[in-house]
Amino acid sequence: QMWEEAIALGKELAEQYENEMFDYEQLSELLRKQAQFYENIVKVIRPKPDYFAVGYYGQGFPTFIRNKVFIYRGKEYERREDFEARLLTQFPNAEKMKTTSPPGDDIKNSSGQYIQCFTVKPKLDLPSKFHRPVSEQIVSFYRVNEVQRFEYSRPVRKGEKNPDNEFANMWIERTIYVTAYKLPGILRWFEVKSVFMVEISPLENAIETMQLTNDKINNMVQQHLNDPNLPINPLSMLLNGIVDPAVMGGFANYEKAFFTEKYMHEHPEDHDKIEKLKDLIAWQIPFLAEGIRIHGEKVTEALRPFHERMEACFRQLKDKVEKQYGVRAVLSSLDDRRGSRPRSMVRSFTMPSSSRPLSVASVSSISSDSTPSRPGSDGFVLEPLLPKKMHSRSQDKLDKDDLDKDKKEKKKEKRNSKHQEIFDKEFKSTDISLQQSEAVILSETISPLRPQRPKSQVINVISSERRFSVSPSPPSSQVTPPPITPRAKLSFSIQSNLELNGMSSSDIPDVPPPLPLKGSMADYGNIMESQDLISPTTSPPAHQRVSP
């Protein structure tokens, strides 16, 4: 389950597969394994093995272990008693020492075998890449792996004994062991290369204890936030042991020992440490509050009275601490993990209409330029510019379809978005200027492969009125080619009150004028229907060319 080590090896293999061997199948399989390893690190709870210091004293041992100390890594869930039994089976004549203090020369020089074994605590040594706070699930691996420093703390009493408060004169004698290599390595045990000892004062011991307690509460709260299915019993025991003063006394013992006038007068150099201890006590309240909140959400009905008692004790504790040491507050982890809408999305919904750009089909796109633009926004609805089969229907039928389509268009306009309504208002403001400008020219491309029509063949109206001839008129004396089959209708949804060439929309039918006349029929080879299918009553009139 040392997935962190597997990921490091996998990265070396991935470099070979990707840049040396170009074996992408093996690379993809390896990356899938790495993804699973990362998921396991976050979600799977791994057991933490214990470490034991073992000293072999006496001339009866082999030279490579004689009078030396080793640090062993125990198996999963292995207790010290089980480890000692396993160790003594290798040396059945050895005697187990009862104390944890270093032995004297008489034992080291004796001819017998003496084994000293006790549990040591690994010292966390985080890699340099963790330059910011990370999840406890990630850090927990390095608490028992890749460790080289181990410590053993032994309480020592100095001065006169205080029967009322044992914390006032309880010093800690801490021994630090440094191994030759980091554990675990190629072996599960390594020799200790250096040993040194430090003394911890009672006040420093109180600060360490409070810091460890706060970290323990916070880590358990984070575990329950990440995995709601965790059992509640460990959380209940932890919270009750801190909140209920009848269990362990809480930090009231520290107040009696260090927050008195007598201690302040005798140890003026400890003023900063006392303030730090007060700050840690104040910070414990928000951690406890979050833990009790989670406990209340997950508690069963059978444990409801227990929870209510714990809440009552916490309220008394909270009032006392906030009154004496101030109020502390932490941000909820849920707020930190909650995702927020990207800033670009917020801007798209909050942009004012004045700064919002117009759609693609702007006013310039419907002017009389020679290169028409095909609108693609939601403001205009154009049917596909591809030839459709022309069916024979009467003019009445066409008019009826136009009325039905007008009704559908009105219903569709009511369902337009707010953006479209703003665009319509801005477009209406240009109606007057459009009336005095050039006429609207609708042009279409029959085939994507068809070349552009020369400018000379585009109908250009140069007169001041510039209007299309839509109504039927008698044929002129000029020679005109035969009429062209009308194409499918194009719906161009411009506002109904827009006037073209002085004519209202009621006078202009929805059917656009026929295509310009051509001397050759090669340009209309895509038309599928013949002119014989068209009824004489619905044949379009010849287009009248206006001369300047």
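The values are calculated or read from the model by the stated rules, or taken from the named source; none is laboratory data. Every value quoted in this text rests on a predicted model; they were computed, and no experiment measured them. Every residue, glycine among them, receives a Cβ derived from its backbone with ideal geometry; neighbour counts consider all protein chains shown. The accessibility values were calculated without ligands, DNA or RNA, using every heavy atom of the protein model including side chains. Shrake-Rupley method; radii C 1.70, N 1.55, O 1.52, S 1.80 Å.
Have a look at L225, L230 and point out the one that is over 30 Å from T100 (Cβ atoms), touching a Ser or Thr at 6+ places or on another chain (Cβ under 6 Å), open to solvent by 20 Å² or more (accessible area, probe 1.4 Å) and not assigned by the TED database to the domain that holds S101.
Just one listed residue meets the conditions, L225.
In segment 102-122, which residue that is open to solvent by 90 Å² or more (accessible area, probe 1.4 Å) and within 22 Å of F190 (Cβ to Cβ) is nearest to the chain's Cα centre (by Cα)?
Restricting to residues being open to solvent by 90 Å² or more (accessible area, probe 1.4 Å) and within 22 Å of F190 (Cβ to Cβ), the top hit is K121.
Let me confirm something: among N93, N40, which residue is part of a helix (DSSP H, G or I) and either among the polar types (S, T, N, Q) or outside the structural domain of K182 (by the TED database) (or both)?
Of N93, N40, the one residue that is part of a helix (DSSP H, G or I) and either among the polar types (S, T, N, Q) or outside the structural domain of K182 (by the TED database) (or both) is N40.
Being under 21 Å from L230 (Cβ atoms) and open to solvent by 20 Å² or more (accessible area, probe 1.4 Å) is the filter here; which residues of segment 297-313 pass it?
E297, K298, T300, E301, A302, L303, R304, F306, E311
Out of F196, F167, F190, I need the residue that is aromatic (F, W, Y) and loosely packed, with under 14 Cβ neighbours inside 10 Å. Which one?
Checking each option against the conditions leaves just F196.
Which condition number does L31 fail, the rest of (1) outside any helix (DSSP H, G or I); (2) under 52 Å from the mean Cα position of the chain (by Cα) being met?
Among (1) outside any helix (DSSP H, G or I); (2) under 52 Å from the mean Cα position of the chain (by Cα), L31 violates only (1).
Mind listing whichever residues of segment 58-101 are among the β-branched types (V, I, T) and open to solvent by 70 Å² or more (accessible area, probe 1.4 Å)?
T63, T89, T99 - these are the residues of segment 58-101 that are among the β-branched types (V, I, T) and open to solvent by 70 Å² or more (accessible area, probe 1.4 Å).
Residue by residue through segment 149-161, note down the ones that are farther than 30 Å from V42 by Cβ and either open to solvent by 60 Å² or more (accessible area, probe 1.4 Å) or assigned by the TED database to the domain that holds F251 (or both).
Scanning segment 149-161 gives R154, P155, R157, K158, G159, E160, K161.
Output the qualifying pairs, or none if there are none: Cβ atoms under 6 angstrom, residues six or more apart or on different chains, first residue in segment 34-61 and within 26 Å of V120 (Cβ to Cβ), second residue part of a strand (DSSP E or B) and of a type in the set (S, T, N, Q).
So the pair list comes out as D50/T119; F52/T119; G55/Q116.
Select from segment 58-90 the residues that are outside any loop (DSSP other than H, G, I, E, B) and either outside the structural domain of P155 (by the TED database) or under 20 Å from E191 (Cα atoms) (or both) and list them in ascending order.
Those that are outside any loop (DSSP other than H, G, I, E, B) and either outside the structural domain of P155 (by the TED database) or under 20 Å from E191 (Cα atoms) (or both): K68, V69, F70, I71, Y72, R73, R80, F83, E84, R86, L87, L88.
Given the conditions (1) under 19 Å from N165 (Cα atoms); (2) modelled with pLDDT of 90 or more, which single one is not true for E275?
(1)
For E146, all conditions in the list (1) touching a strand residue (DSSP E or B) at 6+ places or on another chain (Cβ under 9 Å); (2) at negative phi; (3) open to solvent by less than 70 Å² (accessible area, probe 1.4 Å) hold save one; what is the number of the exception?
E146 satisfies all of (1) touching a strand residue (DSSP E or B) at 6+ places or on another chain (Cβ under 9 Å); (2) at negative phi; (3) open to solvent by less than 70 Å² (accessible area, probe 1.4 Å) except (2).
Between a residue in segment 115-126 that is aromatic (F, W, Y) and any residue that is open to solvent by 30 Å² or more (accessible area, probe 1.4 Å), which pairs come within a Cβ distance under 9 Å, given they are 6 or more apart or on different chains?
Note: pairs meeting the criteria are F118/R80; F118/T100; F118/Y152.
Within segment 212-228, identify whether any single residue is at pLDDT 85 or above, in contact with a strand residue (DSSP E or B) (Cβ under 7 Å, 6 or more places away or on another chain) and among the β-branched types (V, I, T), and answer yes or no.
No.
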